[in-house]
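Chemist: The structure follows.
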Amino acid sequence: MSTCSYIHMSPVEERPASTTIDCAGPHLAAARKPLLMGARTVEALAETFRALGDPTRVRILDALSAGELCVCDIASLAGISESAASHQLRLLRGMRLVRPRRAGRLVYYAVDDQHILELLRQALTHVEEPTLTLKGP
């Protein structure tokens, strides 16, 4: 890893003093620092976004957005095998993004929290926004 990458990827407390930037703008960092998320919250949030960063898991959550489904239906809608669906569902369950309900030999899954669906809707709105092209002079 290059020194530049290391410096930019290091937490602020670990950065060498020589990387401070001289700027003439207003300095708001001291006032803003108490408002920042704590380290554990940042890690948990990043882990949630990593889980949502997989296309198969997004397909599964999309399929579950209308209500609970059994594993075989989830696999069919996501275009994957039941084994692969079970693996992804186990990961999603570990992240508390889906919850299981057993009915005899079948296991049905549902989205665990409506906040997850709201995250997906917000991301979808962002993705589907028309891109504005800047025109040159």
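Chemist: Pop out the carbon and sulfur fraction of the accessible area of region 72-137 as a percent, whole number, probe 1.4 Å.
Modeler: 55 percent
Chemist: Still on this model: Averaged per residue, what accessible area in Å² does region 59-137 show with a 1.4 Å probe, protein chains only?
Modeler: Per residue, region 59-137 has an accessible area of 72 Å².
Chemist: Once you have the alpha carbon radius of gyration of region 68-119, what is it after dividing by 2.2 N^0.38 Å, with N set to its residue count?
Modeler: That ratio works out to 1.08.
Chemist: Once you put a point 7 Å from the Cα of residue 70 and another 7 Å from the Cα of residue 50, both along the Cβ direction, what distance in nm separates them?
Modeler: Here the answer is 3.4 nm between the modelled labels.
Chemist: All other residues with a Cβ under 15 Å from the Cβ of residue 122 taken together, and with Lys, Arg as +1 and Asp, Glu as -1, what is their net charge? Please report the intermediate quantities before stating the final value.
Modeler: Numbers: positive: 121; negative: 62, 113, 118, 128, 129.
So the environment of residue 122 carries a net charge of -4.
Chemist: Still on this model: If I model a spin label at residue 121 and residue 102 as a point 7 Å from the Cα along the Cα→Cβ vector, what separation in nanometres do I get?
Modeler: Those two pseudo-labels are separated by 3.3 nm.
The values are calculated or read from the model by the stated rules, or taken from the named source; none is laboratory data. Keep in mind that this is a model prediction, so the values were computed, not measured. Note that we place each Cβ from the backbone using ideal geometry, even for glycine, and neighbour counts take in every protein chain shown. To get the accessible areas, we keep the full protein, side chains included, count just its heavy atoms, and leave off ligands, DNA and RNA. Shrake-Rupley method; radii C 1.70, N 1.55, O 1.52, S 1.80 Å.
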